[in-house]
1. Got at least one residue in the stretch 118-129 being surrounded by fewer than 21 Cβ atoms within 10 Å (Cβ to Cβ), of a type in the set (Gly, Ala, Ser) and within 16 Å of ligand 2 (Cβ to nearest atom)?
2. Does at least one position in the stretch 88-100 carry a residue that is at pLDDT 95 or above, part of a helix (DSSP H, G or I) and either within 16 Å of ligand 1 (Cβ to nearest atom) or over 30 Å from LEU129 (Cβ atoms) (or both)?
3. Hey, could you check the stretch 166-188 for residues that are part of a loop (DSSP other than H, G, I, E, B) and crowded, with 20+ Cβ neighbours inside 10 Å and say which is farthest from ligand 2 (Cβ to nearest atom)?
4. Sort out which residues of the stretch 66-89 are within 16 Å of ligand 2 (Cβ to nearest atom) and of a type in the set (A, V, I, L, M, F, W, C), and write them in order of number.
5. When you look at LYS9, is it in a strand (DSSP E or B), within 16 Å of ligand 2 (Cβ to nearest atom), in contact (Cβ under 8 Å) with a residue 40 or more places away in the chain and of a type in the set (Lys, Arg), yes or no?
Amino acid sequence: MIEINNLHKHFKGNYVLKGVGFEVGKGETVAIIGPSGSGKSTLLRCINLLETPSDGEIKLDELTIHAHHITKEMLLKVRRSTGMVFQNYNLFANKTAIENIAEALITVKKKTRSDAMAEAEVLLNKVGLQNRAKHYPSGLSGGEQQRVAIARALALNPKVILFDEPTSALDPELVQEVLQVIRKVAKEHVTMIIVTHELEFARDVADKVIFMDDGRIIEQNSAVEFFKNPKEERTKKFLEKFTQQSMYYI
Ligand SMILES: Nc1ncnc2c1ncn2[C@@H]1O[C@H](COP(=O)(O)OP(=O)(O)OP(=O)(O)O)[C@@H](O)[C@H]1O
Ligand SMILES: [Mg+2]
């Protein structure tokens with residue numbers, strides 16, 4: 001269970017998060033949507049302490065972190081309890097697909113190399129890449145690299161996986177294969193927070209949707225209610241813009 005309370009973040013007077021709060025139940029998938037610059041990435045980066053929040057509280061199960069009292073030990077714990085999947089995959093270029101996954105198991109989970117490789121193989125299978133094990137990132141498509149990154153995040157069995165626009169760097173024809181893998185992971189009740197511009201995907205996969213604008217949560221609701229019955233004017237405008245855009249592309 002994750003709970004974020006009154007989270008603030010500013011960068012030298014630039015107020016990016018202005019008191020954000022929400023909860024994610026165990027096994028839930030939450031989608032965060034909102035215009036560019038609204039603070040979505042900053043929020044994810046504050047949750048795993050890649051950025052230090054200016055104020056507020058983060059609870060990850062029994063671990064409670066107050067912005068003003070972050071110790072090195074807490075930082076380590078948070079890093080171990082959260083997985084992150086970035087827009088640009090962030091794989092080790094000099095390691096093969098299977099080694100990219102095994103590496104985390106060896107260094108973080110202290111597995112032997114042979115155990116780690118066996119586990120990594122199972123995870124590669126899960127993301128449909130059993131026949132790409134020995135490929136280096138440069139020999140994989142963007143979609144395949146992102147699927148390796150997802151397998152790597154799963155390997156550490158984190159309390160939550162944070163996705164920051166996992167498909168926005170991909171060519172359109174590769175988007176679905178990655179969304180399909182995330183869908184499958186969601187069905188296994190892995191707790192996930194996904195920042196995405198893929199609204200249809202958010203509607204289909206997320207249990208809850210959060211709409212952010214200008215550093216605040218404007219509206220949050222179950223995915224079904226959120227899209228069927230948006231309440232706030234700003235949410236309606238945002239959704240309309242997207243609907244028009246996708247109609248334009250059809
Ligand atoms: N390290 C930083 N230093 C200074 N300002 C920052 C930093 N990181 C983010 N910001 C500012 O915070 C604001 C919100 O950025 P953020 O990346 O969180 O938005 P976003 O909602 O993820 O946008 P997008 O949809 O374009 O990814 C922006 O104005 C950005 O310039
Ligand atoms: Mg962002």
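The values are calculated or read from the model by the stated rules, or taken from the named source; none is laboratory data. Not measured: the values here are computed from a predicted model. Ideal geometry is used to build each Cβ from the backbone, glycine not excepted, and the neighbour counts take in all protein chains shown.
1. No, the stretch 118-129 has no match at all.
2. Checked against the condition, which is being at pLDDT 95 or above, part of a helix (DSSP H, G or I) and either within 16 Å of ligand 1 (Cβ to nearest atom) or over 30 Å from LEU129 (Cβ atoms) (or both), the stretch 88-100 yields no hits at all.
3. Once the filter is applied, the top-ranked residue is LEU170.
4. Residues satisfying the conditions are MET84, VAL85, PHE86.
5. Working: in a strand (DSSP E or B): yes; within 16 Å of ligand 2 (Cβ to nearest atom): yes; in contact (Cβ under 8 Å) with a residue 40 or more places away in the chain: yes; of a type in the set (Lys, Arg): yes.
Taking the combined requirement at face value, the residue satisfies it.
The rows are residues; the columns are (1) without any contact (Cβ under 8 Å) to a residue 24 or more places away in the chain; (2) closer than 29 Å to LYS59 by Cβ; (3) small (Gly, Ala, Ser).
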residue: THR96; (1), (2), (3): no, no, no
residue: LYS109; (1), (2), (3): no, yes, no
residue: GLU121; (1), (2), (3): yes, no, no
residue: ALA151; (1), (2), (3): no, yes, yes
residue: GLU173; (1), (2), (3): yes, no, no
residue: GLN180; (1), (2), (3): yes, no, no
